[in-house]
Amino acid sequence: MKRNPKELDSIHRKLTRRTLILGAAQLGVVGTLGMRMRYMQVEQADQFRLLAEENRINIRLIPPARGELFDRNGKVIAQNSPSYRIIIVREDAGDVEKVIADLSRLVKLDEEDLNRAMTEMRRSPPFLPITLADQVTWNEISKVAVNAPALPGITPEVGLTRDYPQGADLAHVVGYVGPVSDYDLGQIADPEPVLRIPRFQIGKVGLEAKREDVLRGKAGAKRVEVNATGRIMRELDRREGQSGADLQLSVDADLQGYVQARLGSESAAAVIIDCETGDLRAICSSPSFDPNLFVRGISVADYRGLTTNPYRPLANKSVQGTYPPGSTFKMVTGLAALEAGLIGAGDTVWCPGYLEVSGRRFHCWKRGGHGHVNLNASLKRSCDVYYYDVALKVGIDKISEMAKRLGLGVRHDLPMSAVAEGLAPDRAWKQRVHDDVWRVGDTANSSIGQGFMLASPLQLAVMSARIATGRAVTPRLVKSINGVEQPSGAGDPMGLNENNLRQVRRGMYDVSNDRRGTAYRSRIIAEEFRMAGKTGTSQVRNITKAERAAGVINNRDLPWERRDHALFVCFAPFDKPKYAVSVVVEHGGGGSTAAAPIARDLLLQALYDGTPPLTAYPKGDRGKIRAQQEQLHRDYPGIAAPASDRA
């Protein structure tokens, strides 16, 4: 159909107008985009460059090297050892299950470690390295390196892990480290970022936990370039962290090893303290455990074996265990009465074998009694009735006060787990805790270290050192930090009458050196190292009136857990005390038979700084002691052989 010229002209004008409008709109859009591009590329260039840099560069923490531990002679107690491990990055591995299956054909993977790694992998970012196997051998690392092309995402690497060369000997003192757990993070108000590094190790118990503040150190940092998924492309720079402080302990690792060996399979504890400085030369709990088992995560079987053992190897009996101190407490009662001026050293008490108190008989351990005894004889022969009588005169409050002055019922500030306060009760304590009045029978029981009275082996060693020196000796475990000597525990004079202390010390001397003394068979013959001590036997069961009438059942005839605890405290040399020792043998029976021989051996080992000569022992014991020394040397080569066998 042919259009007329007017119609064609009208259509042309409409198209031209629309073209102009569309062109103007396009020009406006292009102009706006151009202005925006200029704004972003020129005016906002610095800001966007900064944002790009922040997205491209990450800050990664560098774990600090943990401070190491040494004994007083420089022997390593806890160190950082190279640890070969195999890690996986899920993002690079692709098919994780296939890669792990391929790896397991080269390296034996522990099922527990593998399950733990899979759990970590599920809750961690895909680019974060996860440890599949730790403490692998160099041969296994080599296999992985050779087969690296067939194991995507798998990388062998070397790091640091904690190692305890002394094994079980110092486990209860040092404790152990382990990977940070969710529980650990929950206990800290504001956890440091370094604690969130997978498998980062912190102190769990013992000194490792209590001095975490100085042992951990400060983390370093490195700047790394990463790609869009967070994978590290290259390292740009790094700032090294600050290693943890090295600690030197007061303990002697060789002496500690001997004490642990001498306690053997007993459920027991022993403490050796330096009377001059307060240094803990040995502080042992038996049986012990290998702390290395806990560093990388203990197996269920190993842990069950420790927790089901009736001798409680995980418990630190030396500071955590509290026991009725038994007759080792008699020096406290005697000193309280002497200081109060209520008795004299020569005053005597008649012991018929019991004392009537408020219609109840309190028995002496010797059924027939000791007759007339004074302070010296009461200590030497461990007469109970003497202390019942004395305690009724002096009262529990003064006895409790003296106990605390001598270090009982006081929590000593040591960087160890669960350090017990013990208990030196008085009238106010019973009213507050039991809502009951203190009775005269309570005083009689407390006077011989029974009833409510409780003390740890550490406290008993401190008590012995304070009696030996007259000073407030305080136990010290950390000798120096990064070479800086820590305050001494020598202590100031306690202000006790020196003559009263002399009387008590003389009684303790006769316990070990008088033929009628309860520890005479465990005496030291060497004149320059004569020992003063006190035996103790604390009951863990009630003896009924019927049993007493028929004859008290011998400890040997009772189940182990119902036998009496055996205790002994001592110091030597008598004229110039160097060391004080306490020994507690759980359910060991009598202190004179179970604890005193051990304490004598420990004291001699410390005084001679090694295996003592047989001439230090009574002649009749030398054959048995020689056989014992030979056996210990065979079982623990670090312990020197008897003197005549040395080169």
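The table below lists the values:
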{"item": "Residue order, fewest to most beta carbons within 10 Å, for 173, 76", "result": "76, 173"}
{"item": "Qualifying lysines (Cα of each under 19 Å from Cα of residue 366; at least 8 residues distant if same chain)", "result": "330, 380, 534, 545"}
{"item": "For the stretch 329-345, 3J(HN,Hα) per residue [Karplus equation, 6.51 cos²θ - 1.76 cosθ + 1.60, θ = phi - 60°, Hz, x = Gly/Pro]", "result": "7, 5, 5, 5, 4, x, 5, 4, 6, 5, 5, 7, x, 8, 9, x, 4"}
{"item": "Cβ-Cβ FRET estimate between residue 143 and residue 110, R0 fixed at 25 Å, reported to 0.05", "result": "0.90"}
{"item": "³J(HN,Hα), Karplus 6.51/-1.76/1.60, whole Hz, each residue of the stretch 510-520, x for Gly, Pro", "result": "5, 4, 9, 10, 8, 4, 9, x, 5, 10, 4"}
{"item": "The stretch 496-642 - percent relative contact order, Cα under 8 Å, separation 6 or more", "result": "20 percent"}
{"item": "Theoretical FRET efficiency, 1/(1+(r/R0)^6), r = Cβ-Cβ of residue 636 and residue 340, R0 41 Å, to 0.05", "result": "0.25"}
{"item": "Amide H partners (placed H, <5 Å) of residue 578, local residues excluded", "result": "572"}
{"item": "Cα-based convex hull volume of the stretch 59-249 per residue, rounded to whole Å³", "result": "143 Å³"}
{"item": "Anchor residue 393: aspartates and glutamates whose Cα lies under 19 Å away (excluding residues fewer than 8 positions away in-chain)", "result": "339, 347, 356, 384, 401, 426, 442"}
{"item": "Phi-based couplings in Hz for the stretch 188-196 (Karplus 6.51, -1.76, 1.60; Gly and Pro marked x)", "result": "10, 4, 9, x, 5, x, 4, 5, 8"}
{"item": "Residue exposure sequence - 442, 435 - by fewest surrounding Cβ within 10 Å", "result": "435, 442"}
{"item": "Value of Rg to Rh for the stretch 476-522 (Rh from inverse mean 1/r over Cα pairs, i.e. Kirkwood)", "result": "1.28"}
{"item": "Cα-based reach from residue 108 at 19 Å (exclusive), listing aspartates and glutamates while leaving out same-chain residues under 8 positions away", "result": "97, 134, 140, 157"}
{"item": "Cut-off under 5 Å, modelled amide H: who pairs with residue 357 long-range", "result": "362"}
{"item": "Residue 281 long-range amide H proximity, modeled H, under 5 Å", "result": "272, 273, 274"}
{"item": "Exposure proxy ranking, count of Cβ atoms within 10 Å, fewest first, for 349, 584", "result": "349, 584"}
{"item": "Paired Rg and Dmax values of the chain, which use every Cα atom, in angstrom", "result": "36.7, 154"}
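Each reported figure results from applying straightforward, stated rules to the coordinates on display, with no laboratory input. What you see is a predicted model, and the numbers here were worked out from it, not measured in a lab. Using ideal geometry, Cβ is built from the backbone for each residue, glycine included, and neighbour counts are taken over all protein chains shown.
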